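To start, the structure under review is shown below, and the notes come after it.
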Amino acid sequence: MLRLINLAVIGALVIGAAWLYEIKYSSTRAAEHVAKLRAEIRRERDAIAALRAEWARLDNPDRIQILARRHLTLKPVETTQFDSLDHLPEKPVEIVPPGSADPIGALIENMVDPEVVTGSVVEPEANH
C-alpha cells in the first residue's frame, strides 16, 4: 500500500511539473508576442512621426509660395477684379420642393425653362 501511495505521489509530481512547464512556456510565448507588438507599435509611431514631419515640410506656406511663383503664371489681385453684390445673379428658383417623395418626377413636372434648371446667367445681347 505504501508503494502505491509513493507511485501516486511521484505521478502527481510528474504531472504537476509538466503542467508547470506548459504554463511557463505559454507565458514565455505570450511575453515574446507582447514584445514584438510593442516593437511594431514603436516602428509605426516612428513612421507616423516621420510622415507628419514630411507633411509639415511639404505644407509650409513659404515653400508653396516659392513653387507657385516658379510654376504658375499668377498676377497680383487688383481692386478692379471685384464687383459689388448688386451685380450678382438672382438666387435660382427652387425646382424641387423640399420633402418631395419623387424629386426626379417633380423636376420633370416643373421643368419649364432649361436656363432656370441649370441656374445659368443670361448674358445681355451685344448691340451690333
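Structural remarks
- Overall form of the chain per C-alpha gyration tensor (a/c, 1.5; a/b vs b/c): oblate
- Other residues whose C-beta falls under 15 angstrom from the C-beta of THR28 contribute a net charge of +1, scoring Lys and Arg +1 and Asp and Glu -1.
- Evaluating 6.51 cos²θ - 1.76 cosθ + 1.60 at θ = phi - 60° for every residue in the range 20-25, the Karplus couplings come out as 5, 4, 4, 5, 4, 5 Hz, glycine and proline recorded as x.
- Across the range 60-100, the residues whose backbone nitrogen lies under 15 Å from the label position 7 Å along the beta-carbon direction of GLU109 are 95-100.
- Relative contact order (percent, whole number), the chain, Cα cutoff 8 Å, 6+ residue spacing: 10
- Within the chain, helix-based [θ] at 222 nm, where runs of 4 or more DSSP H residues each add -39,500 (n - 2.57), nearest 500: -22000 deg cm²/dmol
- The range 50-87 versus the range 1-49: alpha-carbon centroid distance in Å: 61
- Applying the Karplus relation 6.51 cos²θ - 1.76 cosθ + 1.60 with θ = phi - 60° to the range 67-79 yields 3J(HN,Hα) values of 5, 5, 5, 6, 10, 10, 9, 9, 10, x, 6, 10, 5 Hz, where x marks Gly and Pro.
- Derived scalar couplings ³J(HN,Hα) [the range 9-14; Karplus, 6.51 cos²θ - 1.76 cosθ + 1.60; whole Hz; x for Gly, Pro]: 5, 5, x, 5, 5, 5
Every number here is computed from the coordinates shown, using simple stated rules; none is lab data. Quantities reported herein were computed from a predicted structural model and do not represent experimental measurements. Because the Cβ atoms are built from the backbone with ideal geometry, glycine has one as well, and the counts that use them run over all protein chains shown.
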